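For reference, the structure discussed in these notes is given below.
Please treat every number below as a calculation from the coordinates, not as lab data. Just so you know, these numbers come straight off a predicted model, no measurement behind them. Please note: Cβ atoms are built from the backbone with ideal geometry, for glycine as well, and neighbour counts cover all protein chains shown.
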Amino acid sequence: MPNKPNVLWIYGEDLYPDLACYSTPVVQTPNIDRLASEGTLFDNAFVTCPVCSASRSAIITGRYQTSFGAHNHRSKRDTALPEDIRLITDYFRDAGYYTCNSPGPPFDKPGKTDFNFQRKDIFDGIDWTERAAGQPFYAQNNITDTHRNFTPDPDNPIDPDAVELPPYYPDHPLVRKDWAMYLESVQVFDRKVGQVLQRLDDAGVADNTIVFLISDHGRAHIRDKQFLYDGGIRVPCIVRWPGHIDAGVVSDELVSGVDFAPTALSLSGRDVPEGMEGNIFLGADARLRPEIISARDRCDGTVDRIRCIRTKEHKYIRNYYPDRAYMQFNGYKHQQYPLWTLLPLLAREGNLTEAQARFLAPCRPYEELYDLDADPHEVNDLSTSDDHQDVLNDLGARLDNWIETYGDQGASPEDPAIIAKQAEDMHARHQMRMENEHGIKDPLTAEAYMKVWEKRILG
């Protein structure tokens, strides 16, 4: 390969494929739609964890976060990455690339990293314009607008009455407005993507740049982020390289977050290191994947362990703490998600469907199984269905094999002192924020906090 291609990863944070090119109504994303028309869109892309730090740790290493102790959210950030594990930036740097990371426009500060390990000098700089003349670049643009709090789009507001809510969320004005605000932030993200792409065009490097548009995990909503339903782990994945990658193609092949790094290296002509655990999903060395695996472990002070295996047809979920509620306390979710407060209040009034009320259950099944063709929203659990026991057992055995093959460290309990300290810190931060930002002191009643949300979102 005479001219080394540049590589650009565009991250949309907390972003499900809620884009026009993925057939989402109402939202307008012309720049991303253009990118998809000029490249290949993957309709079945999923990350290995539904929360940022663990997912990003897997993406940048090409290894499952569970295989090297990066699975508990925002833990081990002061612990050095094992010497035998290298990052995608290391491999590109070895090949003479300039590596950089910014939050996108105006490209004037470092972008988000947020890994569950400590590593210095991950990137050479902020922006690819800082590189030496003729030097190829590997760049990340971590655009934050789709992360809560959502960036509004006053130029193209979205009518809350026009949005389509999934059936596991109640049809309520607060939920509709919150969803519309999220979709508006997607439109803001799209405009920034347009600016990123225009810079490539203006510099004359677009044809020699492999562009990935991805996310660290799915939507920032209560049943999505931090959970293994598709809303938490499904992400957009669009790859463009003019003249090398087919344009206007939609692929239904399964893609995992651990596949991004080996695929980027392979497309750019680099050898994929043996230690990487992902597949190449584009190019001459592409290898189809029969399933994806995702994992959720402790998030802040909220202890959990969930694993899932997903094929194109079915999703199998294993809850290792079935005696715990889906909505066990989490300070971040309580502070950030209005539905976290609203849902129990609607339940008291009897205003929830069975699918909506299920998330409030005080416990959960050890196993869940979903037919994704018949039930794309994953509300009809088939784990106890006599007609589906063969599928249940097959997927359970395949998950067990993955756990053994990749050395899932989630099976090893954390030090109780660490867990206690995380929980203590989470509760203290929560109480302080509620008092300082909202003037709410103990008891932090749902009714009191609901007034805050109504004023904040509904005006």
Radius 12 Å from Cβ of Arg176, net charge of other residues (Lys, Arg +1; Asp, Glu -1): -4
Two-decimal Rg/Rh across the chain, once Rg and the Kirkwood Rh are taken from alpha-carbon atoms: 0.95
Run the helix sum for the chain: -39,500 (n - 2.57) per DSSP H stretch of 4+ residues, divided by residue count, reported at 222 nm to the nearest 500 deg cm²/dmol. -9000 deg cm²/dmol
Convert each backbone phi in segment 258-267 into a coupling constant with the Karplus relation 6.51 cos²θ - 1.76 cosθ + 1.60 (shift: θ = phi - 60°), then list the ³J(HN,Hα) values in order as whole Hz, x for Gly and Pro. 6, 8, 4, 5, x, 5, 4, 5, 5, 4
For segment 74-95 and segment 23-56, compute the distance between their C-alpha centroids and round to whole Å. 26 Å
Label segment 297-406 by shape, choosing from rounded, prolate and oblate, from the square roots a ≥ b ≥ c of the eigenvalues of the Cα gyration tensor; if a/c is under 1.5 it is rounded, and otherwise prolate applies when a/b is larger than b/c, oblate when it is not. oblate
30 Å Cα-Cα threshold exceeded, pairs from Lys109/Lys315; Lys192/Lys225; Lys315/Lys451; Lys120/Lys315; Lys112/Lys421: Lys109/Lys315; Lys315/Lys451; Lys120/Lys315
Rounded to the nearest 5, what % of DSSP beta bridges with both residues in segment 6-290 are antiparallel? 20 percent
Rank the residues Asp246, Asp14 as a footprinting-exposure proxy: fewest other Cβ atoms within 10 Å of their Cβ go first. Asp246, Asp14
